[in-house]
Amino acid sequence: MNESVVLDGVVKAHGQVVAVDHISLSIRSGEFFSILGPSGSGKTTVLRLIAGLDRPDQGEIVIQQRIVTSDPPHERPVNMVFQHYALFPHMSVFDNVAFGLKMRGESSSNIQKAVGHMLSLVRLQGKENRLPRQLSGGEQQRVALARALVNRPVVLLLDEPLAALDQELRQEMQGELKRLQREVKATFICVTHQQDEALMLSDRVAVMHGGKLLQVGTPQEIYEQPVSSTVARFIGLSNLLSGTITRFDGGGCRVEHESLPPVVVKCPKEGPPEGSVTVMIRPERLHVSAEVSVNGYDNTLPAVVNQCVFNGNEVLYHVRLRNEAIWLVRVPIFEAQGCPLTVGQPVFLQWSAHEGLVLPAHPAPL
Amino acid sequence: MTTCLSTSSAFPVKLILLSAGIFLSLFFLVPLLLVFGVSLASRGMYGGIAWIATWENYQRLLDPLVGTIFLRSFLFAGLTTIVCVVVGFPLAYCMARASRQWQLLLLTLVMIPFWTNFLVRTYAWVLIFRADGILNTFLMRLGLLEEPLSLLFTDVSVFVGLVYGYLPFMVLPLVVAIERISPQLEEAAFDLYASMGAMFRHVLLPLSKPGFIAGGVLVFIPSLGAFITPYLLGGGQKMMLGTLIQQEFLVSRDWPFGSALSFGLMGTVLLLWFLLGRTSYGRNSS
């Protein structure tokens, strides 16, 4: 697969604050790529740099094998869907969608055809003459998508595309985005702080924090093999335990903690990291019971039930370890039947070595 | 509206509305009616008012000389408005898009002239424009001029004075209007292949329309009736409506004709406003 967008050592500072700190990234053609990070992580700046709305202080940006680092926005084969859509409030739906084509000097018959086609693609036929303020949030979102996609961009940039929508509409638009991407066959680069959104929509996800790129990978890789506790904490729920490695053999590491029994977990193939480490176990990987079960778990930690949250399809236990840390345990509803373990009850957490993961305290830079 | 006027409100809304109504009736409506009454009366023998009803004062408005003065005033007011727009828009744009501190500083600079009396500020322009004034002295020192230009008491000096005096009334409404336009709309236009000019024409200009209308009214109407500026900087050489009305009242002591002129001016402005409302502004706000 060839590359659609390449960032090479890109740096961008806003005054004293380094918003984007030496980011190198290559995004494949036709990919749905998400940049995930908390607010202030610099993810929106990356999008603006690709769009040409900001210029990098250092580094190069390549789109379709062409260096575009100093090209203005209108010379890039890229269009953007802005966070609050930025629809022109004084123009009808038709005029909004037609704007880019008009600016490029397309003939009015071509514009009619292209806008009509695009409006039917986003299911907005019959609303051509409405003003943006006469539309619902979801419809405005569709107009914003149509306005960008009608220009047949090689890359579509989406800045928090679903943030302004309510839960139900958001799920509907997620499906819509995937469908649109399949139909127009463009590269979609989406910035979001919603990890579930990134996991569900994307072919690959980049996790950003403090202007730096922490990890790039498929949703599954990011979820199952986070490179650091920051990534682990940001994607899904995770239980963390810090300690030092005292023994390493083959696939397992023995990690000791001053107030808890030692645990055995999977180690990185390249050997155990030096110094202090963090052990991570996902809540759905833990087994919780009132008695120690004997069927071959490698680790057992005593704990006390602190809270039981019934979620409909699962039960989420909050348990307190002896070091006062609160861990989460997910039990599917067909195993739990409500909350059989009561608050204050002593329990045992058990898991096999391969369910846990050792994360270095200081991951190697990307 | 209903909540504002509701009787159940703890706030004495009706009382406040009543007092405002009484104030406006006493100090605005009654004088206006008095002037209207005077405009229908005749001039007395020695400059007083003779209460003999007549249309004559309004007929005199059709005098070609008065017509010329009306036209000249409208031309000056129109040009002043246009120049205020051209000069004011870039300034207003910078102010609206500046950081908080800069905005405060620029606003203060725009407001500073209001701390001094308008008459004093107009006299300052006299000092600048005079034959031995600052401008001429400066240009002669530079060797650009052999002898002083006569700037004072010309159309140019009146025009500069009007633009100077009313520019803030254009800038402030424009700042408010531009501030409401999200900078993201500009970026969206650039992202959709608009050039600087196209973005301005298709996005900035139509969306700052409320500012243009408010600023236009605030500049056009006062400069139409301005009298200090044409009087001091024009030396009363060429009559403008403001100076004419002032002369009728104070020099010729023809109050009825002066009143008719005032009503003629007001009528014309209201007619223009009505026509404006029926065209572009009315279409967009519906």
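Values in this text are rule-based calculations from the coordinates and carry no lab data. In this text, all values refer to a predicted model and were calculated from it rather than measured experimentally. Note that we place each Cβ from the backbone using ideal geometry, even for glycine, and neighbour counts take in every protein chain shown.
Relative contact order, percent, of chain A when contacts are C-alpha pairs under 8 Å separated by at least 6 residues?
Working: 756 pairs, mean separation 56.0, N = 366.
15 percent.
Between A:Ala163 and A:Ser70, what is the label-to-label distance in nm when each label sits 7 Å out along the Cα-to-Cβ direction?
Each label point lies 7 Å from its Cα, and together they span 3.2 nm.
Calculated from DSSP H runs of 4 or more alone, at -39500 (n - 2.57) each and per residue, what is the 222 nm mean residue ellipticity of chain A, nearest 500? If you can, show how the numbers build up before the last one.
Details: 9 runs with 88 residues, N = 366.
Calculated from helices alone, the mean residue ellipticity at 222 nm is -7000 deg cm²/dmol.
FRET efficiency for B:Leu79 and A:Ser29, Cβ-Cβ distance as r, R0 = 60 Å, nearest 0.05?
0.55
Treating cross-link reach as a plain straight distance, find the aspartates and glutamates whose alpha-carbon is under 17 Å from the alpha-carbon of A:Lys212, omitting any fewer than eight places away in the same chain.
A:Lys212 reaches A:Asp8, A:Asp21, A:Asp57, A:Glu60.
Please report how far the C-alpha centroid of segment B:169-216 lies from that of segment A:1-38, rounded to the nearest whole angstrom.
Taking the Cα centre of segment A:1-38 as reference, the centre of segment B:169-216 is 32 Å away.
If packing is taken as the average count of other Cβ atoms within 10 Å, what order do A:9-22, A:177-190 fall into, highest mean first? Let's see the in-between values first.
Numbers: A:9-22: 15.6, A:177-190: 18.6.
Result, highest mean first: A:177-190, A:9-22.
Going toward the positive end of the dipole of the protein assembly as shown, with +1 on Lys and Arg Cβ and -1 on Asp and Glu Cβ, which of B:Pro230, A:Leu359, B:Phe159 do you reach last?
B:Pro230
With helices defined as uninterrupted DSSP H runs, which ones in chain B have an alpha carbon span along their own long axis of at least 18 Å and mean Kyte-Doolittle hydropathy of at least 0.5? Before the final figure, lay out the partial values.
Numbers: long enough: B:64-97 (48 Å, 1.61); B:155-179 (35 Å, 1.76); B:209-225 (24 Å, 1.35); B:255-276 (31 Å, 1.64).
Passing helices, by number: B:64-97, B:155-179, B:209-225, B:255-276.
Answer with one residue from B:Thr116, B:Val219, A:Thr218: the one whose Cα lies farthest towards the positive end of the charge dipole of the protein assembly as shown, charges on Cβ with Lys, Arg +1 and Asp, Glu -1.
Comparing the listed Cα positions along the dipole, B:Val219 ranks first.
From the Cα gyration tensor of chain B, with a ≥ b ≥ c the square roots of its eigenvalues, which class applies: rounded if a/c is under 1.5, or else prolate if a/b is larger than b/c, or else oblate? Write out the running numbers ahead of the final one.
Values: a/c = 1.92, a/b = 1.14, b/c = 1.69.
Note, shape of chain B comes out oblate.
How tilted is helix A:93-103 with respect to the longest principal axis of chain A? Cα atoms for both, answer in degrees (0 to 90, nearest 10).
Around 70 degrees separate the two axes.
So what's the net charge close to B:Asp132: Lys and Arg +1, Asp and Glu -1, counting the other residues with Cβ under 13 Å from its Cβ?
On the way: positive: B:Arg130, B:Arg141; negative: B:Glu147.
Once positives and negatives cancel, what remains is +1.
Give the order of B:Ser157, A:Ser228 when sorted by the count of other beta carbons within 10 angstrom, beginning with the fewest.
On the way: B:Ser157 23, A:Ser228 20.
The order, fewest Cβ neighbours first, is A:Ser228, B:Ser157.
Based on DSSP, what percent of beta bridges with both residues in the protein assembly as shown are antiparallel, to the nearest 5?
Values: 65 of 84 bridges.
Antiparallel: roughly 75 percent of the beta bridges in the protein assembly as shown.
Under the definition of partner shielding as Cβ atoms of other protein chains within 10 Å of a residue Cβ, what is the mean value for peptide B:180-190? Spell out each step's value before the answer.
Working: counts 1, 1, 4, 1, 9, 6, 2, 8, 16, 7, 8.
Shielding by partners across B:180-190 averages 6.
Calculate the dipole size of chain B relative to its Cα centre from +1 charges on Lys and Arg beta carbons and -1 charges on Asp and Glu beta carbons; express the result in debye to the nearest 20. Spell out each step's value before the answer.
Numbers: 16 positive and 12 negative charges, 96 e Å.
About 460 debye.
Among B:Ser39, B:Ser25, A:Cys339, whose Cα projects farthest towards the positive end of the dipole of the protein assembly as shown, with charges put on the beta-carbon of Lys, Arg (+1) and Asp, Glu (-1)?
B:Ser39
Mind listing the phi-derived Karplus ³J(HN,Hα) values for segment A:115-121, rounded to whole Hz, using 6.51, -1.76 and 1.60 with θ = phi - 60°, and x for any glycine or proline?
So the J values, rounded to whole Hz, are 5, x, 4, 5, 5, 6, 5.
So how far, in whole Å, is the C-alpha centre of segment A:294-366 from the one of segment B:112-146?
83
Would you work out the charge dipole size for the protein assembly as shown about its Cα centre, treating the Cβ of every Lys and Arg as +1 and the Cβ of every Asp and Glu as -1, and quote it to the nearest 20 debye? Mind showing how you got there, number by number?
Working: 50 positive and 49 negative charges, 346 e Å.
The calculated dipole for the protein assembly as shown is roughly 1660 debye.
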